[in-house]
Amino acid sequence: MNTNVLPPPDQKAEYVERMFSRIASGYDTMNGIMTLGLDRGWRTATVALAAPPSCGRALDIGTGTGDFLVELAQWMPDGLAVGVDFTLPMMRAGLPKIAGQRAVFVAGDALALPFDDESFDAITTGFTLRNVTDIAAAFREMWRVARVGGTVACLEVARPRQPLLRFGHWVYFQRIVPLMARALGADPEAYTYLPQSARVFPPPDELAQIMREAGWSDVTYRLVGLGAAAIHTGIKRG
């Protein structure tokens, strides 16, 4: 049985920053393996749902090595894509990806974004919210920096509803993924934390309600990957 590695809430931010700093160099490889390569299509779908204007400004929160940032920049040939993260080694690892793109990295915290009110036309975030200490506060910060009429699209983990798929999902992420990480020389604790954090993350219906209570309107979601992930969307109304 896997040892519980989830930190207490008052230590979570520091734990997450250290963990992602350790795994930055191999993160993209393990992420692709862990999601069986489906993460690329999920990112593309998330950016399409955010639908930033071609000449607008978009923000990716918890940008990591910048995969979402690149998608946003390609969607916005005359705009600017900004990626924010508090783990500097992750952004350093992503610098080659954004070379020549209309995209920049900015150091910052999802709970205290270093931007003025109403700065962005669209906001994305992918597999970030399970790592923050206050999901509602993160959505309030997104709402604050979004312009009226701006959109948010959030890709996050979910658990399949069908019992057999849910059991297979549990076996894969709780047992197989940590073993793969160890076999590939990745950090086994990090890839034990990731499925454990997903297990305690709010289900899609609850996450949608958190978004509404944070101020977002027209909130909806769609399941992807046979229910292993969900894309939530919302709009900032005046």
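Kindly indicate whether any position in segment 32-46 is modelled with pLDDT of 95 or more and within 22 Å of Val145 (Cβ to Cβ). Full working, then the answer.
Going through segment 32-46, the residues modelled with pLDDT of 95 or more turn out to be 41-46.
Now narrow it down to the ones that are within 22 Å of Val145 (Cβ to Cβ): 43, 46.
Within segment 32-46, one or more residues are modelled with pLDDT of 95 or more and within 22 Å of Val145 (Cβ to Cβ).
Take segment 107-142 and flag every residue that is over 28 Å from Tyr193 (Cβ atoms) and either touching a Pro at 6+ places or on another chain (Cβ under 9 Å) or of a type outside the set (Ser, Thr, Tyr) (or both).
Residues of segment 107-142 over 28 Å from Tyr193 (Cβ atoms): 115-122.
Those that are over 28 Å from Tyr193 (Cβ atoms) and either touching a Pro at 6+ places or on another chain (Cβ under 9 Å) or of a type outside the set (Ser, Thr, Tyr) (or both): Phe115, Asp116, Asp117, Glu118, Phe120, Asp121, Ala122.
Looking at Thr220, Thr233, can you tell me which residue is under 30 Å from Asp117 (Cβ atoms) and touching a residue at least 24 places away in the same chain (Cβ under 8 Å)?
Details: Thr220 fails: touching a residue at least 24 places away in the same chain (Cβ under 8 Å).
Criteria check complete, one pass: Thr233.
Out of the helices (runs of 4 or more DSSP H) lying entirely within segment 141-238, which hold 1 or more residues that are loosely packed, with under 13 Cβ neighbours inside 10 Å and in contact with a His (Cβ under 8 Å, 6 or more places away or on another chain)?
Values: elements: 163-171, 177-183, 190-199, 204-213.
Where helices (runs of 4 or more DSSP H) fall fully within segment 141-238, none carries at least 1 residues being loosely packed, with under 13 Cβ neighbours inside 10 Å and in contact with a His (Cβ under 8 Å, 6 or more places away or on another chain).
With the requirement that a residue be of a type in the set (Lys, Arg) and either over 26 Å from Leu49 (Cα atoms) or out of contact with any strand residue (DSSP E or B) (no Cβ under 9 Å at 6 or more places or on another chain) (or both), what does segment 121-179 give you? Steps first, answer last, please.
Within segment 121-179, the first condition is being of a type in the set (Lys, Arg), and the residues that meet it are 130, 140, 144, 147, 159, 161, 166, 175.
Arg140, Arg144, Arg159, Arg166, Arg175 - these are the residues of segment 121-179 that are of a type in the set (Lys, Arg) and either over 26 Å from Leu49 (Cα atoms) or out of contact with any strand residue (DSSP E or B) (no Cβ under 9 Å at 6 or more places or on another chain) (or both).
The values are calculated or read from the model by the stated rules, or taken from the named source; none is laboratory data. These figures come from a predicted structure and were not determined experimentally. No Cβ is skipped: glycine too gets one built from the backbone with ideal geometry, and neighbour counts run over all protein chains shown.
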